[in-house]
Amino acid sequence: MIEFRIVEIFESLQGEGYNTGMPAIFIRFAGCNLNCAWCDTNFRQFTRFTLEALIAKVSEYKSKNIIITGGEPTRVKALPQLLLPLKNAGYFIAIESNGLGKVDALIDYIALSPKFCYQSHYQKIVQPTANEVRIVTENHRDFIAFCQYIETQIQAKRYYLSPCEKDGAFNIFDTIKLLGKINENRLDNKWLLNIQSHKLADIE
Ligand code: SF4
């Protein structure tokens, strides 16, 4: 029997990145291979769903967009068995990953969020393409070099810096200063600001 460990499943609006505002069903899987200090997900508490129960739960919602997130969803071994029926049912499927696992080819939209605090983990890149890359800002002298390295290793349409939220405060000033430095002396202004607007809007 195929089983999934689900932290939560709910319908809301995408709060960040290029698809901000997109209605979507969020499926948050348990488990992660990292342990970021600012992590806002309790990915160790979950409910078990069979494949059939999870698909039935998804079908209760109105949206035809799904955002697969975590935790780290690329670690879910049975994910392809879930993706196939969802694709056949016509869903658009996006994923949010820390970039340390290969993303299944059935995924329509890939958002990768490599973590500076685990930069040594990204010496070998296993997912070299994405629709967007979002990196949480850390005020460290090697941070810009890490962003530049990621840009050379992961081909994406868009690159973002995300202010880090701690106790309700965002390091926006640090983030825009770093954006200015990363985009300095280049004409494409490729790195953009990503705000986790769902936190400001107080939605899930
Ligand atoms: S990679 Fe994401 S889910 Fe995992 S610990 Fe870091 S912030 Fe949390």
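The values are calculated or read from the model by the stated rules, or taken from the named source; none is laboratory data. Everything numeric in this text was worked out from a predicted model, so none of it was measured. All Cβ positions, even for glycine, are placed from backbone atoms using ideal geometry, and neighbour counts span all protein chains on display.
For this structure, a couple of remarks:
- Any chance LEU86 is more than 13 Å from the ligand (Cβ to nearest atom) and within 16 Å of ILE9 (Cα to Cα): yes
- The set of residues in segment 114-125 that are within 15 Å of the ligand (Cβ to nearest atom) and assigned to a loop (DSSP other than H, G, I, E, B) comprises PRO114, LYS115.
- Taking segment 27-77 as the range and being hydrophobic (A, V, I, L, M, F, W, C), within 13 Å of the ligand (Cβ to nearest atom) and in a strand (DSSP E or B) as the test, the residues that pass are PHE29, ILE68.
- Residue in segment 28-36 that is surrounded by 19 or more Cβ atoms within 10 Å (Cβ to Cβ) and among the small types (Gly, Ala, Ser) present: yes
- Number of residues in segment 142-160 that are of a type in the set (D, E, K, R) and either within 14 Å of TYR122 (Cα to Cα) or more than 19 Å from the chain's Cα centre (by Cα) (or both) equals 2.
- In the set (1) surrounded by 15 or more Cβ atoms within 10 Å (Cβ to Cβ); (2) at pLDDT below 95, the condition left unmet by ASN194 is number (2).
- Residue count for segment 172-189, restricted to those that are in a loop (DSSP other than H, G, I, E, B) and under 19 Å from the mean Cα position of the chain (by Cα): 0.
- Residue within segment 6-27 that is aliphatic (A, V, I, L, M), in contact (Cβ under 8 Å) with a residue 12 or more places away in the chain, surrounded by fewer than 17 Cβ atoms within 10 Å (Cβ to Cβ) and more than 20 Å from ASP108 (Cβ to Cβ) present: no
- For segment 61-91, the set of residues classified as among the charged types (D, E, K, R) and touching a residue at least 40 places away in the same chain (Cβ under 8 Å) consists of LYS62, GLU72, ARG75, listed by residue number.
- Here is the figure for segment 152-177: residues that are touching a strand residue (DSSP E or B) at 6+ places or on another chain (Cβ under 6 Å) and of a type in the set (D, E, K, R) total 2.
- ILE135 falls short on exactly one of the conditions (1) β-branched (Val, Ile, Thr); (2) out of contact with any strand residue (DSSP E or B) (no Cβ under 7 Å at 6 or more places or on another chain); (3) within 13 Å of the ligand (Cβ to nearest atom), and that condition is (2).
- Count of residues meeting criterion [part of a loop (DSSP other than H, G, I, E, B) and either surrounded by 18 or more Cβ atoms within 10 Å (Cβ to Cβ) or on the phi < 0 side of the Ramachandran plot (or both)] in segment 78-113: 15
- Extreme residue, surrounded by the fewest Cβ atoms within 10 Å (Cβ to Cβ), among residues of segment 124-182 that are touching a Pro at 6+ places or on another chain (Cβ under 6 Å) and at pLDDT below 95: ILE172
- Single residue of ALA111, ALA94 found to be within 16 Å of the ligand (Cβ to nearest atom), in contact (Cβ under 8 Å) with a residue 60 or more places away in the chain, of a type in the set (A, V, I, L, M, F, W, C) and touching a Ser or Thr at 6+ places or on another chain (Cβ under 8 Å): ALA111
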